[in-house]
Amino acid sequence: MKVPLITMNDGHQIPAIGLGTYQIRGGAGLDQVLTAIQDGYRLLDTSTNYDSEGIVGEAIRRSGIPRSEFFVTTKLPGKYHHYEDALMMIQESLFRMGLDYFDLYLIHWPLPKRGLYVEAWQALVTAQKMGLIRSIGVSNFESEHLDKIIEKTGVTPAVNQIEIHPYWVQERMVRANEQRGIVSEAWSPLGRGSDALKESVIVELAEKYDKTPAQIILRWHGQRGIIPIPKSRNLQHQRENLAIDDFELSQTEIERINLLEKPDGRIDGQDPNEYEEFE
């Protein structure tokens, strides 16, 4: 199945949907990633903290598909925000995955209490100039964090991957990213086992369009200009998650889903201004 491409602010193209690999590990995880590749996934999203970099690299090698057809993303852990540490970790992740370059590399969390994210961003800029990374971006950055790294380096992230799902709509940050020319990606786009899939408006739209509730939510992301990164070990769900381009929600329907937002809608209450990722 062919996935549409989105052009980022650096001219590189990124698939409009990806496969998340959080908690996908080991031999079973390798098989799940391989099957996803066979079904058409090319954007593979991992992280040093997910402990899945090795299997993603191995799946790419075993797939028989040229490396150039994949879009591989991984992320910098919080304990490596110092400039030299970040540069070494980027190289370590490449060795772990058996790759020559990353298509996209993200700072996983800003960790503003530590105040090192500008230094980490400078390392990503250097790594990009070295040819280790094609596109550089961030994850969980708020507007003030974005503005600070842009101001200090003159380099705007290509992507900001943030928590977005029907209980945490993130209209403010999606707009903030858009205003800066940054593509929004959604982690936990279905709400990570939340009740969003059972919400009456989602179920009603699924029946109307003869789609699954997950497909309705993923289409909602896509029509808002967001790249969802759903994780699924279920092979049927993996396939279904790709099949979302043959119908369109109306603006009214999108707004009805937006109304599901909750004041405390974050999955684990991870506020980027407060969250401390010590791994």
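The values are calculated or read from the model by the stated rules, or taken from the named source; none is laboratory data. Model, not experiment: these values are computed from the prediction. Cβ atoms come from the backbone with ideal geometry, glycine included; neighbour counts cover every protein chain shown. What goes into the accessible areas is simple: the full protein's heavy atoms, side chains included, and nothing from ligands, DNA or RNA. Shrake-Rupley method; radii C 1.70, N 1.55, O 1.52, S 1.80 Å.
Worth a mention:
- Cβ charges +1 (Lys, Arg) and -1 (Asp, Glu), total dipole of the range 1-113, debye: 160
- Heavy-atom accessible surface of the chain: percent carbon and sulfur, 1.4 Å: 47
- Within a straight-line Cα-Cα reach of under 25 Å, K129 can be paired with the following lysines, leaving aside sequence neighbours fewer than 8 residues apart in one chain: K75, K79, K148, K152.
- Charge dipole (debye, nearest 20) of the chain; +1 at Cβ of Lys and Arg, -1 at Cβ of Asp and Glu: 500
- Taking the helices alone, the chain has a mean residue ellipticity at 222 nm of -12000 deg cm²/dmol, built from -39,500 (n - 2.57) per DSSP H run of at least 4 residues and averaged over all its residues.
- Alpha carbon centroid spacing (whole Å) that separates the range 119-148 from the range 153-177: 15
- Placing +1 on each Lys and Arg Cβ and -1 on each Asp and Glu Cβ, with no other charges, gives the range 71-201 a dipole about its Cα centre of roughly 120 debye.
- With coordinates expressed along the principal axes, the C-alpha atoms belonging to the range 184-279 extend over 44, 30, 24 Å, beginning with the largest.
- By a 1.4 Å probe calculation restricted to protein chains, T7 has an accessible surface near 80 Å², given to the nearest 10.
- Accessible solvent surface per residue of the chain, calculated while the other protein chains remain in place, 1.4 angstrom probe, Å²: 43
- Among A120, Y105, M88 - extreme Cα towards positive end, dipole of the range 69-121, charges at beta-carbon: A120
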